[in-house]
Each structure stands twice: as C-alpha cells, then as structure tokens.
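Worksheet for the structure shown next.
What follows is calculated from the coordinates using simple rules that are stated; it is not laboratory data. Since this is a predicted model, take the numbers as computed values, not measurements. Using ideal geometry, Cβ is built from the backbone for each residue, glycine included, and neighbour counts are taken over all protein chains shown.
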Amino acid sequence: MFGIGPEELVLLLIIALIVLGPERMPKVARDIGRVVGDLRRTSDQLREEFLNADKLLDKAADAAAPPAAAIPATTQASEPIPGETAFDREMREARERLKAQRDA
C-alpha cells in the first residue's frame, strides 16, 4: 500500500490523532474512506468504458458500413505510406471509408 509499512502507518495515525484530536478523527477517517471508495468506483467505471469502447465502436461501424461492393476499389486495399504506423494507417483507412460513405 503506497510503499508504507505497518510502522509508518501507525506513526501516521498517531500524528493524525494528535493533530486532529479524538473528536474529529473518526469523521475525517470516514470522509477519507468515502472519497477513496468514490475514486475507486469512478476508476472502475472509466476502465470499463475504455475496455468496452472498441466493442461499441465496432458494432456502430458494422451497422453503418455499406457492403464491400459499395466501397470504391481505391479504399479497399490501401497501400502503406513509408514511415506510417499501423495506427496511422487504420485512421487513414477509417477516414477514407467515412468519406466514401458520405459520398455514396
């Protein structure tokens, strides 16, 4: 847990108890626990959205994609540009497909 051992954690709790006092310590601990829980839930939701985003995009693209015969031959087999990464090539091909759909 953050590279903090049990001794350091006990020392931090003692310092917090001295600074906050026994009256405010439970409320602060409860508030910190609530914030950490909210952050964890938000992080899990965000991670889930990122993991499922490609599936949603694929479904939307499949639903909106015209048959392969409707796409001009120039966009079906695009040749790689020297120095172009796979991501750049896929983005270029996606732009070409969208342009072909709009023109059709």
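In region 1-13, what count of residues is obtained for those that are surrounded by fewer than 10 Cβ atoms within 10 Å (Cβ to Cβ) and assigned to a helix (DSSP H, G or I)?
2
Under 8 Å between Cβ atoms, which residue pairs at least 6 apart in sequence (or on different chains) link something in region 83-104 that is touching a residue at least 12 places away in the same chain (Cβ under 8 Å) with a partner that is surrounded by 14 or more Cβ atoms within 10 Å (Cβ to Cβ) and in a helix (DSSP H, G or I)?
Glu93/Thr75; Glu96/Thr75; Arg97/Thr75; Ala100/Thr75
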